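What follows is a set of notes on a single structure, which appears directly below.
The values are calculated or read from the model by the stated rules, or taken from the named source; none is laboratory data. What you are looking at is a predicted structure, and each value in this text was computed from that prediction instead of being measured. When we count neighbours, we look across all protein chains shown, and the Cβ atoms used for this are built from the backbone with ideal geometry, even at glycine.
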């Protein structure tokens, strides 16, 4: 009997947690790729309460650390022979210049390089499934700034520019997946969940500054459950959302820097070279 399998990054908080609590009712098995195993265990228990029949596996994965990504992918290959839906959800914001363990700007490493490598490593499992779906959580922040060299370790740090470029990278990843693999049945969706009221980024500033900024922006935010809906919609309707950009659940045209094919080609090629990969 066929076992439908979901794999998701960043499932222990925010929209990832809200999405997986709904999707666990629709899959036979769920792979939680998470950095914090203590939170992962708590989520695993909660998912069993929602669907006692579901199999839930924890796989340690720190997307900012490329060796952790490779280990997580190797573990996944040992546990399953296919993945019906891979959701690249995990992301972070930093208001200060920080480097990953591999020496990359932290947001670019966590939001883009780690997910790119993970997708590359897990793509054979996705292509071996019945559904063949990848959902990439991007952001409307892709419109903030154009991609710029040096791509992965900028000389000058700006938090908005850094976050925007990392999310532009995730959009390029989704576009590249669709272009290269849609003819083989892969259904890829780039999702903008909206401005979601979560703690993302709050831990990287002082409490006073964080509280002030979040209070200022609060009227613009959607709830975590509302932010999870575009992910759930894409998972529920893979054909409808295949190859498109979903803006809060509505199919939308990609604008500005997201439609720069020449820069996308240059950026993807630079990524492959940086990660020592021959192809996505």
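If you take the residues in the range 121-171 that are part of a loop (DSSP other than H, G, I, E, B) and within 13 Å of the chain's Cα centre (by Cα), which one is modelled with the lowest pLDDT?
So the first thing to find is which residues in the range 121-171 are part of a loop (DSSP other than H, G, I, E, B), and the list is 128-132, 138-139, 144-158.
So of that shortlist, the ones also within 13 Å of the chain's Cα centre (by Cα) come out as 138-139.
Working: 138: 96, 139: 93.
Filtering the range 121-171 for residues that are part of a loop (DSSP other than H, G, I, E, B) and within 13 Å of the chain's Cα centre (by Cα), the one modelled with the lowest pLDDT comes out as 139.
What single numbered condition from (1) under 21 Å from residue 101 (Cβ atoms); (2) buried (at least 23 other Cβ atoms within 10 Å of the Cβ); (3) out of contact with any helix residue (DSSP H, G or I) (no Cβ under 9 Å at 6 or more places or on another chain) fails to hold for residue 174?
(1)
Name the single residue that is modelled with the lowest pLDDT among those in the range 180-234 being part of a helix (DSSP H, G or I) and touching a helix residue (DSSP H, G or I) at 6+ places or on another chain (Cβ under 6 Å). Quick ask: steps written out before the conclusion?
Applying the first criterion (part of a helix (DSSP H, G or I)) to the range 180-234 yields 180-184, 202-204, 207-220, 224-234.
Going one step further and asking which of them are touching a helix residue (DSSP H, G or I) at 6+ places or on another chain (Cβ under 6 Å), we end up with 202, 210, 224-225, 227-228, 231-232.
Numbers: 202: 44, 210: 47, 224: 93, 225: 94, 227: 94, 228: 97, 231: 98, 232: 98.
It comes out as 202.
Being at pLDDT below 95 and outside any helix (DSSP H, G or I) is the filter; apply it to the range 237-259 and report the residue that is farthest from residue 173 (Cα to Cα). Before you say what the answer is, go through the steps one by one.
Taking the range 237-259 first, the residues at pLDDT below 95 are 248, 255-256.
With outside any helix (DSSP H, G or I) added as a condition, the list becomes 248, 255.
Numbers: 248: 19, 255: 16 Å.
Ranking the qualifying residues of the range 237-259, first place goes to 248.
Where in the range 1-84 are there helices (runs of 4 or more DSSP H), lying fully within it, with 1 or more residues that are within 19 Å of the chain's Cα centre (by Cα) and more than 20 Å from residue 193 (Cβ to Cβ)? So that I can check it myself, show each step before the final result.
Numbers: elements: 14-23, 37-50, 66-79.
The qualifying helices (runs of 4 or more DSSP H) are 37-50, 66-79.
Filter the range 260-280 for residues that are under 11 Å from residue 175 (Cβ atoms) and exposed (fewer than 13 other Cβ atoms within 10 Å of the Cβ) and give the result.
261, 265, listed by residue number.
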